[in-house]
Amino acid sequence: MKILVINAGSSSVKFQLYDMRDESVLAKGKVERIGMETAILSCEPTGKQEYREVSEILEHTTAIRKVLDSLVHPVYGVLGSIGEIDAVGHRVVHGGESFKESVLVTDEVKREIKQLFDLAPLHNPAHMLGIQAVEANMPDTPQTVVFDTAFHQTMPPVAYLYPIPMVLYRKHKIRRYGFHGTSHDYVSKRAAAFLGKPIEELKMITCHIGNGASCTAVLGGKSFDTSMGMTPLEGLMMGTRSGDIDPAIVPYTMAKEDLTLGEVNSMLNKHSGLLAISGGSSDMREIVQAMKDGDKNAALAFDMYAYRLRKYIGSYAAAMNGLDVLVFTAGVGENSARLRKAVCDGLTFFGVEIDDVLNEHHSGQERAISTPSSKVAVLVIPTNEELVIARDTHALIVREN
Ligand code: ADP
């Protein structure tokens, strides 16, 4: 079975084509700058030369057509015909309370996703464009949706409710949803498999630290609490997002700086985090380089980033009354030994002990970085959200037939 995984954004579409017989990637790539005359399609077919094309792509239906054309290209293509694609799986950021697992796309599912536009205005409308674009190009191919929020639907009310008037939850569904669920789900399962232990018996904290960042308390394999909230702004300090702040800062800043709601929203989402404190970059590689060059603001940004993550780990260990496994994943989590060390060196009091040599060793593979005597196993597990989407899609299609 061949499955195309799509992650549609407002001006981009990322894709990966899987052969599910061995879960190999046949091709991957993206379309960027949708809406412009100089949109770029790039495709990396496995075992063949990379393919890049600049052309006018004004909307998502054309973008998907270009992707499909590249997959059947006479020279660079990996398929004889589009009909070889058995199903298409979409990443959808927000599934609200409606979706606790991945589902096949139906008219009802599309209606539900539209209902959730308000909760994820930057993401869900773009995902819907992706679904409609696939429908326009491949009307007979089944589609599925895999939600970033679904894994976190197991959180108990003590974790997902905010201490604000309950009427806001009842009327507007204001609550914690959490994000990066496919990643937290995947790495927690991989971590248990890596350790050869039943996940049901483990207290785990998974740290997905990329441009966006969140950590999750995974109790017995289920999400128990997570740092992102109603939106992906809450929680850890991120590349350009503030994470947790005193909510009173919002009206105070609006009054003092004469800002609109839109402006303050943009400040917290796009001009905060590492970028704001370092005054230079939101990219951890550049922050680390600037620190090495003696930049004090970059050093402060790094220290705050690590400190805030450490506080979350401490609070989740308390929330679960213990910790067996700490997992690092995503761009920063997988690659920055310095960040992992800065976080773990402050957690020795509850038995986290990492081996500096193992921590520095970069293999790109799943690995332990804790010492044999560490009470908590500390692991680096590369995430693979696309593979989770492909697997869920495969399972749904098999179940359907
Ligand atoms: P996204 O959230 O966009 O998927 P990623 O998971 O790819 O992001 O993470 C991007 C982040 O990972 C960037 O801040 C980047 O600097 C960081 N990163 C990637 N490689 C390294 C590295 N070798 N050392 C430190 N940070 C890294």
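The values are calculated or read from the model by the stated rules, or taken from the named source; none is laboratory data. Note that the coordinates shown come from a computational prediction; the quantities given were computed from them, not determined experimentally. Using ideal geometry, Cβ is built from the backbone for each residue, glycine included, and neighbour counts are taken over all protein chains shown. The protein model used for the area step is the full one, side chains on, heavy atoms only, and it has no ligands, DNA or RNA in it. Shrake-Rupley method; radii C 1.70, N 1.55, O 1.52, S 1.80 Å.
Label segment 257-401 by shape, choosing from rounded, prolate and oblate, from the square roots a ≥ b ≥ c of the eigenvalues of the Cα gyration tensor; if a/c is under 1.5 it is rounded, and otherwise prolate applies when a/b is larger than b/c, oblate when it is not. Here segment 257-401 falls in the oblate category. The Stokes-Einstein estimate for segment 88-219, based on a Kirkwood radius over Cα pairs and taken at 37 °C with 0.692 mPa s viscosity, is a diffusion coefficient of 202 µm²/s. Size check on segment 1-159: the Cα extents along the three principal axes, sorted descending, read 55, 38, 28 Å. The helix-based estimate of mean residue ellipticity at 222 nm for the chain, built from -39,500 (n - 2.57) per DSSP H run of four or more residues and divided by its residue count, is -11500 deg cm²/dmol to the nearest 500. Pairs over the 27 Å Cα-Cα cut-off, from the set K189/K270; K110/K203; K114/K171; K2/K110; K292/K341; K66/K173: K189/K270; K110/K203; K66/K173.
Here segment 1-143 is treated with +1 on each Lys and Arg Cβ and -1 on each Asp and Glu Cβ, and its dipole about the Cα centre works out to around 240 debye. In the chain, the DSSP beta bridges split such that about 70 percent are antiparallel, to the nearest 5. Classify segment 27-76 as rounded, prolate or oblate, taking a ≥ b ≥ c as the square roots of the eigenvalues of its Cα gyration tensor: rounded when a/c is under 1.5, otherwise prolate if a/b is larger than b/c and oblate if not. It is prolate, given that a/c is not under 1.5 and a/b is the larger ratio. Averaging the Cα positions of each part gives two centres, and for segment 82-127 and segment 39-65 these lie 23 Å apart.
In units of the rule-of-thumb radius 2.2 N^0.38 Å, the chain shows an alpha carbon radius of gyration of 1.00. Across segment 363-369, rounded Karplus estimates of 3J(HN,Hα) from the backbone phi angles (6.51 cos²θ - 1.76 cosθ + 1.60, θ = phi - 60°) give 10, x, 10, 5, 7, 8, 10 Hz, Gly and Pro being marked x. Accessible surface area normalised per residue over the chain is 46 Å², counting heavy atoms of protein chains with a 1.4 Å rolling probe.
When the surface is traced with a 1.4 Å probe over the full set of protein chains, H208 keeps roughly 10 Å² accessible. Considering only G229, G210, G196, the mean-square fluctuation computed in a Gaussian network model of the chain, springs between alpha carbons under 10 angstrom, is largest for G196. Under a model in which nothing but the beta-carbon of Lys, Arg (+1) and Asp, Glu (-1) is charged, segment 240-369 shows a dipole of about 80 debye around its Cα centre. Heavy atoms only, probe 1.4 Å: what % of the accessible area of the chain goes to carbon and sulfur, would you let me know? After summing per-atom areas, the C and S share lands at 52 percent.
Rg of the Cα atoms in segment 152-308, relative to 2.2 N^0.38 Å, amounts to 1.18.
For segment 330-389, the convex hull drawn through the C-alpha positions has a volume of 86 cubic angstrom per residue. Estimated at the nearest 10 Å², the accessible area of Y252 is 140 Å² with a 1.4 Å probe.
Dipole of the chain computed with +1 at Lys/Arg Cβ and -1 at Asp/Glu Cβ about the Cα centre; of G364, P251, T182, farthest Cα towards the positive end is P251. Evaluated with a Cβ-only charge set (Lys, Arg +1; Asp, Glu -1), the chain carries a dipole of roughly 700 debye about its Cα centre, given to the nearest 20.
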